[in-house]
1. At R0 = 25 Å, how high is the FRET efficiency between A:His91 and A:Phe18 if r is their beta carbon distance? Nearest 0.05 is fine.
2. Which of A:Ile72, A:Ile63, A:Ile31 moves most in a GNM of chain A, Cα contacts under 10 Å?
3. Rolling a 1.4 angstrom probe over the protein heavy atoms, how many square angstrom per residue are accessible across the protein assembly as shown?
4. With the cut-off at 21 Å, tell me which of the pairs B:Lys257/B:Lys386; B:Lys27/B:Lys68; B:Lys27/B:Lys337; B:Lys249/B:Lys386 have Cα atoms farther apart than that.
5. Please work out, to two decimal places, the log10 of the ratio I(q)/I(0) at q = 0.05, 0.07, 0.09 Å⁻¹ from a Debye calculation in which every Cα of chain B carries one identical scatterer.
6. Quick one: with all protein chains in place, what share of the accessible area of chain B is carbon or sulfur, to the nearest percent (1.4 Å probe)?
7. Could you order peptides B:9-16, B:208-215, B:286-293 by the average number of other Cβ atoms within 10 Å of their residues, highest first?
8. Per the Debye formula with a single identical scatterer at each Cα and no solvent contribution, what log10 I(q)/I(0) holds for chain A at q = 0.10, 0.20, 0.25 Å⁻¹?
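The values are calculated or read from the model by the stated rules, or taken from the named source; none is laboratory data. For clarity, every value in this text was computed on a predicted model and none was experimentally measured. A quick note on method: Cβ atoms are made from the backbone with ideal geometry, for glycine too, and the neighbour counts reach across all protein chains shown. When the accessible area is computed, the model is the full protein with side chains, heavy atoms only, and any ligands, DNA or RNA have been set aside. Shrake-Rupley method; radii C 1.70, N 1.55, O 1.52, S 1.80 Å.
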Amino acid sequence: MNDIPLTHILFVSTALFFIGMYGLFTRRNMITMLMSIELMLNSVNINFVAFNKYLYPDQLNGIFFTIFIITIAAAEAAVAIAIIINFYRSHYSIDVEDSGEMKW
Amino acid sequence: MKFELLVAVIIFILLFIKVGSREWENKTVLNVVNILLLVNFVAGFFMNADGTLFSSMFRTNKLMELQKNMLNLGTLIISAQAYSWLKNHKHVLEFYMLLLSTLLGMFFMISGGNLLMFYLGLELSTIPLTALCNFDLEKRQSSEAAMKLIISSAFSSGLLLFGISLVYGTIGTLNFSEISQHLSGSPLQLFAFILLLAGFAFKISVVPFHLWTADVYEGSPVAVTSYLSVISKAAFLFVFVSVLYTVFKPIAGEWYKMLFLLSVLTMFTGNLFAIRQNNLKRFLAFSSITQIGFILVGISGSSQMGSASVIYFLLIYIFSNLGAFGVIAFVSAVSGKENMDDYKGFYKTNPFLAWVLTISLFSLAGIPPTAGFFGKFFLIMAGAGKGNWLLIIIAALNMVIALYYYLKVVKAMFMDENEQPIEKLSISTLPKLAMLICVAGIVVIGFIPAVYNYIYSLSFGL
């Protein structure tokens with residue numbers, strides 16, 4: 001377990017976070033954007049679990065936080081998909097470029 | 001805990017009405033809900049107990065009770081104003097259930113003494129709100145607004161969480177009081193703080209993070225817009241002030257510079273964009289961005305007066321913004337008109353509504369007899385306590401620019417001619433009462449020094 005240093009795991013999680021951010025900024029499909037946001041949230045989960053395991057093994061704060069993040073991300077995705085379905089009903093598309101009625 | 005329990009009880013009562021076999025008429029439901037909210041508001045003043053619960057995850061004191069009372073009051077006023085819109089809506093009970101869930105989330109967020117509790121409250125207060133933005137189910141713009149809000153709020157909570165995880169990694173606790181003891185200001189902690197600040201800035205729409213604001217305000221139903229711009233923003237600002245002043249106290253020098261930059265950007269951008277708007281909801285969106293800029297000036301004062309002036313200003317802001325939104329909500333619900341050109345000659349047909357809107361706009365602009373002047377005055381005084389005169393001069397300049405576009409609306413209502421002005425509208429009792437409360441608040445609060453003194457005695461400095 002301790003063969004892998006903490007910095008490696010942090011590198012992975014930070015990379016994942018910024019890949020998610022990049023995806024959110026470049027993708028135009030709403031479902032893909034949602035997936036990118038999940039990527040960002042999961043990188044935070046990795047961070048919490050890694051910090052908890054390596055630096056503060058005597059407590060459970062980080063693990064608890066992870067469980068809550070997973071739950072809330074699910075709730076958020078549910079509401080977001082409901083909104084996207086409603087969006088599709090009026091626009092017949094889930095491309096963000098089509099949501100340009102209100103500008104400036 | 002009483003505030004949270006009461007709101008939860010009301011949500012359950014509404015749920016039982018919903019699942020019950022009997023069909024309720026909209027008017028009955030609205031009356032019942034408004035009475036419940038009134039009871040909720042009045043009960044907020046009695047039987048309050050200070051202290052902490054659940055190993056300081058939940059804490060409460062006199063200041064938090066005051067803040068919760070303010071939020072309760074705002075919700076009550078919005079509910080009364082939404083009467084003419086909800087009367088004909090199919091999903092009244094769902095509207096109130098979602099609305100009260102967000103209120104519950106804000107209460108937990110204000111009382112949270114732990115980053116976990118704070119995060120849970122934050123999500124509980126934003127996720128139902130995005131569903132509320134979509135409440136005009138048939139309108140294209142409404143679903144567009146909800147989509148923009150949920151994507152940007154999910155993104156901002158991602159940033160916030162990454163910041164929280166780094167704080168946890170460097171300090172090893174999530175408790176507010178322990179974090180402030182161990183914060184050393186190392187580069188990693190500063191990075192974490194910037195991410196946290198970005199998350200907050202999204203929620204209160206500070207300038208580089210404000211892009212969702214105008215679209216969401218324009219697309220959502222007006223009642224939801226006023227809730228977003230007043231209640232949700234006020235709750236986040238309360239938490240923002242307390243987090244900055246207590247948790248991030250050790251790095252006060254660093255965040256002062258950030259706030260300075262952000263407030264200058266916010267005031268200028270909000271003002272310059274507000275000038276070119278024609279839709280009144282969009283116009284108020286940019287004006288509320290500008291107000292956030294002024295509030296940041298007050299926060300940057302980082303003294304006891306800083307936090308007192310922010311809370312005092314928000315109390316006035318609730319009245320003045322809800323007064324303006326109340327009129328716009330009513331006109332939009334009855335006649336469907338929201339553009340500034342439609343309001344030309346408004347005074348001739350609807351003098352009462354025109355006066356309410358005028359007084360509210362004067363208060364937002366900060367013209368002396370109204371309370372808005374005193375609110376802005378205290379904010380700027382608090383900011384001046386730091387001795388950064390450049391910031392104060394910029395704030396004063398922006399107050400002048402703001403006056404231009406607020407008066408443009410007043411001019412359209414009182415002086416411009418119009419072939420087809422909005423016809424005479426008859427106002428039902430409840431919205432009228434809400435508007436009168438707003439006007440009374442705007443006129444009276446500035447002249448009662450006890451209000452400010454009470455807030456000052458409760459607040460805390462750096």
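1. Values: r = 30 Å, r/R0 = 1.21.
With R0 = 25 Å, the Cβ-Cβ based efficiency is 0.25.
2. A:Ile72
3. Working: 21860 Å² over 566 residues.
That works out to 39 Å² for each residue.
4. B:Lys27/B:Lys68; B:Lys27/B:Lys337
5. -0.16, -0.33, -0.55
6. On the way: 10990 of 16010 Å².
Solvent-exposed carbon and sulfur of chain B make up 69 percent of the total.
7. Ranking, from highest mean packing down: B:286-293, B:208-215, B:9-16.
8. The computed values of log10 I(q)/I(0) come out as -0.39, -1.02, -1.28.
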